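Below is one structure, written out as C-alpha cells; comments come after it.
A short reminder: the numbers here are calculations on the coordinates, not readings from a lab. Model, not experiment: these values are computed from the prediction. Cβ placement follows ideal geometry from the backbone for every residue including glycine, while neighbour counts extend to all protein chains displayed.
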Amino acid sequence: MGLYLAIAFVPLGVYLALIGALNLASTPFVTNGFRDSLTLSLGISGLVIAGPVELFLPENAASVFGSWIWGPLVVLYVLVSLLIALVSRPRIVVYNISPQQLRSPLSDLARKLDGSAKWAGDCLCLPERKIQLCMEANPPMRNTQLVAVNPAQLDEIAEWRHLEIELKRELANVQTGANRRGVGFLLTAATIAVLVSMALLQSRQDLAQDTLDFLRW
C-alpha cells in the first residue's frame, strides 16, 4: 500500500510544493503554456500510473514481457502529454500576479513591440506581430494567462516566444508581494510527504515484494 501511495502522490506533492514556492515569491514568474502543461503532466503522472494505467494494464502482455511492459506505457503517456501541449493554443502563464497588476507593464511592452497595439476589453492585439491574446485570470492562485484568441497562431510561435522573453524582462523588477495561498500548497505538499513516509515505514517489510509485484518481475 505504501508503494502505491508513494507512486501516486510523490510527484503531486513535488508539483504542489513548486506552485506554493512560486506563489510565495515577491516577484512574478513567467513561463509558456508548453512548459506549464508538461509540468502539470509530470505532477499527475503518479496518479495516472498508479490509477488507470495499473488498473487497465494488459495482464496478458505483462505475463509475456514482464517489467518491460512499463516502457511502452510510460512512453505513451509522455507522447500524449507532448501532443496535448503542442496542439494547445499558444499561451503565456504569469504566476503570482493579477490581471490588474499585469495590464500596465504589458501595455508598455506592447507599445514597444508594436506601435499599433491596442486593447479591446481584456484582449490585446499586436497587428505587426500577428498576435491576438486575451488575459484570463485565476483569482484564487493570483495567476494570469495570456491566451491566443485562435489556434491559427500556432504558426506564429516564434513571435509568442519573443513576447515571453520580453515580458520576463519587463517584469524583472516588478514587486507583487507573496500570495498567502501559497502556504496552503506547501502545507498540502508537506502533508503528502508525511503520510507517504508513514505508509512506507508501516509497509517497509513488504516494500521489496510490492515493488516486484508492481513491476511484474
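Observations, loosely collected:
- Whole-percent pair-distance distribution, where bins are 10 Å wide, for the alpha carbons of the stretch 1-111: 12, 32, 29, 16, 8, 3, 0
- Taking the alpha carbon gyration tensor of the stretch 89-176, multiplying each eigenvalue by 5 and rooting it gives semi-axes of 19, 15, 12 Å, largest first.
- Using a Förster distance of 25 Å, the FRET efficiency for residue 47-residue 88 (Cβ separation, nearest 0.05): 0.75
- Environment charge of residue 128, counting only residues whose C-beta is closer than 12 Å and scoring Lys/Arg +1, Asp/Glu -1: +2
- The sum of -39500 (n - 2.57) across all DSSP H runs of n ≥ 4, divided by the residue count of the chain, sets its helix-only mean residue ellipticity at 222 nm to -18000 deg cm²/dmol.
- Computed about the Cα centre, the dipole magnitude for the chain is approximately 620 debye when only Lys and Arg (+1) and Asp and Glu (-1) carry charge, each at its Cβ.
- Inter-centroid distance (Cα atoms) of the stretch 89-112 relative to the stretch 189-217, Å: 43 Å
- Each of 78, 34, 57 was placed along the dipole of the chain (beta-carbon charges, centred on the mean Cα), and the one lying farthest toward the positive end is 34.
- Rg to Rh quotient for the chain, alpha carbon positions, Kirkwood Rh: 1.09
- The charge dipole of the stretch 89-176, taken about its Cα centre with unit charges on the Cβ of Lys, Arg, Asp and Glu (plus for the first two, minus for the last two), comes to roughly 140 debye.
- ³J(HN,Hα), Karplus 6.51/-1.76/1.60, whole Hz, each residue of the stretch 65-71, x for Gly, Pro: 9, x, 5, 5, 5, 6, x
- Look at the dipole of the stretch 89-176 built from charges on Cβ: of 109, 90, 152, the Cα furthest out on the positive end belongs to 109.
- By the beta-carbon count within 10 Å of each Cβ, the least crowded to most crowded order of 135, 198, 141, fewest first, is 198, 141, 135.
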